[in-house]
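Structure record follows, encoded as structure tokens.
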Ligand code: HEM
């Protein structure tokens, strides 16, 4: 009864057209605006997934306040039955998503193990590594005058940092890049042609991580993987398989998201010359607000899903136990009930209550501070060494309702010689 009362208007069905999710921001922005204004909570049809068919449908939440409300009530809206709209068998969802697809107490236990491994000393080392690697990456393209802004620039810092944190040997880093493209490209036939391709990428990544985990169990070093494998919570350790799942989550979550924030940031600064001037001239002071605005504007993670654990209500709309709820972060981040002039890109925006890293609650992005640091440092290095860098081709967007991704996009700049960073600086 409730569902039929709240069916999404046909023209606002988000999975109605094949090109909707690769159409770039403006078409999507208009549709989400209409949803927020006329159907903020409505029931939608699911996409048809080859080999899986079509699921039972889901509730679409497009307003900031509703996304916040659901995120902060994990006891009513759980993650353990999956966090993407299509249903996967629970074991597969857990294997691929680790803690993001779990509820308390298992979620809390895993999160504590990881938190325990992030000691202040280790965080300081990672911070330093971000600066050194960002300089190396900028130096590696600086004499070319032009390059692919995604693969050669934006993708490199998050990829290298995650791989190094997780002890992946350098010769495997490019393979990790290719595999996470397949995993998070699900929905885009160019990256993920079939379910078999997806599963085989997941397995290959898991094997890679499991090997490292087993090695650190037997031969501890002072790296993060060793710390995680040996950390103890309530007398329990992380098992090598849990470590593999966690690595799949980290490499997907920490890699593609930050990469896309950097790619979108470069595109935005090319489109908004005035904002680039503000940032470039005010560097240190502007960087914190500019980072938040890039994440708000680009919203690299378009949605996550929850499932109702009981009959309940959201803003007066009845939701039945077992029904799925999609939290459209992309829409919440343009909600004019919260943001002043939400369609303006403003590197000085304050306050900026965006939900790009989630909307609070126990699953709030574990890597938010690392991502902020990576985005800030790469732009500071670019402004210093390649100050006229600009995007020189139209972005090619990923076809995905999950990741707001740019697959390819050229950039150009005046060639420069970039010195290596003196480690004693
Ligand atoms: C701009 C970059 C990033 C964005 C936009 C982003 C976004 C998100 C979002 C929306 C969530 C879910 C929040 C929720 O359900 O409440 C999340 C969770 C998570 N993120 Fe990020 N993320 C980014 C970078 C990173 C990085 C660099 C890492 C790791 C080093 C990371 C690791 C994680 C993990 C492990 C979770 C799951 C946390 C849990 O379930 O407790 N993320 N992220």
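What pairs can you find where one residue is in segment 356-382 and on the phi > 0 side of the Ramachandran plot, the other is in a helix (DSSP H, G or I) and within 9 Å of the ligand (Cβ to nearest atom), and their Cβ atoms are less than 8 Å apart, with a gap of 6+ or different chains?
358/71; 358/329; 360/71; 361/71
Yes/no per residue for (1) within 30 Å of residue 305 (Cα to Cα); (2) within 16 Å of the ligand (Cβ to nearest atom); (3) in contact with a strand residue (DSSP E or B) (Cβ under 9 Å, 6 or more places away or on another chain):
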residue: 94; (1), (2), (3): yes, yes, no
residue: 105; (1), (2), (3): yes, yes, no
residue: 109; (1), (2), (3): yes, yes, yes
residue: 143; (1), (2), (3): no, no, no
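In contact with a helix residue (DSSP H, G or I) (Cβ under 6 Å, 6 or more places away or on another chain), in a loop (DSSP other than H, G, I, E, B) and within 25 Å of residue 22 (Cα to Cα), is that true of residue 191?
When the stated conditions are applied, residue 191 passes them.
Looking at (1) at pLDDT 90 or above; (2) outside any loop (DSSP other than H, G, I, E, B); (3) surrounded by fewer than 23 Cβ atoms within 10 Å (Cβ to Cβ), find the lone condition where residue 265 falls short.
Condition not satisfied by residue 265: (3).
Do we have any residue at all in segment 194-201 that's surrounded by 23 or more Cβ atoms within 10 Å (Cβ to Cβ), touching a strand residue (DSSP E or B) at 6+ places or on another chain (Cβ under 9 Å) and in contact (Cβ under 8 Å) with a residue 24 or more places away in the chain?
no
Checking residue 162 against (1) at pLDDT 95 or above; (2) under 20 Å from the mean Cα position of the chain (by Cα), which single condition isn't satisfied?
Result: residue 162 fails condition (1) only.
From the list 125, 153, pick out the single residue that is within 16 Å of the ligand (Cβ to nearest atom), modelled with pLDDT of 90 or more and either more than 30 Å from residue 80 (Cα to Cα) or assigned to a helix (DSSP H, G or I) (or both).
Checking each option against the conditions leaves just 153.
So is residue 209 within 14 Å of the ligand (Cβ to nearest atom), part of a helix (DSSP H, G or I) and either modelled with pLDDT under 85 or out of contact with any strand residue (DSSP E or B) (no Cβ under 9 Å at 6 or more places or on another chain) (or both) or not?
yes
Looking at (1) within 13 Å of the ligand (Cβ to nearest atom); (2) out of contact with any strand residue (DSSP E or B) (no Cβ under 8 Å at 6 or more places or on another chain); (3) in a loop (DSSP other than H, G, I, E, B), which is the one condition that is false for residue 399?
(1)
Enumerate the pairs (first residue in segment 300-320 and free of Cβ contacts under 8 Å to residues at least 40 places away in the same chain and farther than 30 Å from residue 265 by Cβ; second residue anywhere and assigned to a loop (DSSP other than H, G, I, E, B) and more than 9 Å from the ligand (Cβ to nearest atom)) with beta-carbon separation below 7 Å, excluding pairs fewer than 6 apart on the same chain, so at least 6 apart or on different chains.
Listed pairs, sorted by first residue: 311/320; 311/321.
Got a sec? Which of 241, 199 is at negative phi, more than 22 Å from the chain's Cα centre (by Cα) and either part of a helix (DSSP H, G or I) or within 12 Å of the ligand (Cβ to nearest atom) (or both)?
Unique residue meeting the criteria: 241.
The values are calculated or read from the model by the stated rules, or taken from the named source; none is laboratory data. Note that this is a predicted model, so its numbers are computed, not measured. Cβ atoms come from the backbone with ideal geometry, glycine included; neighbour counts cover every protein chain shown.
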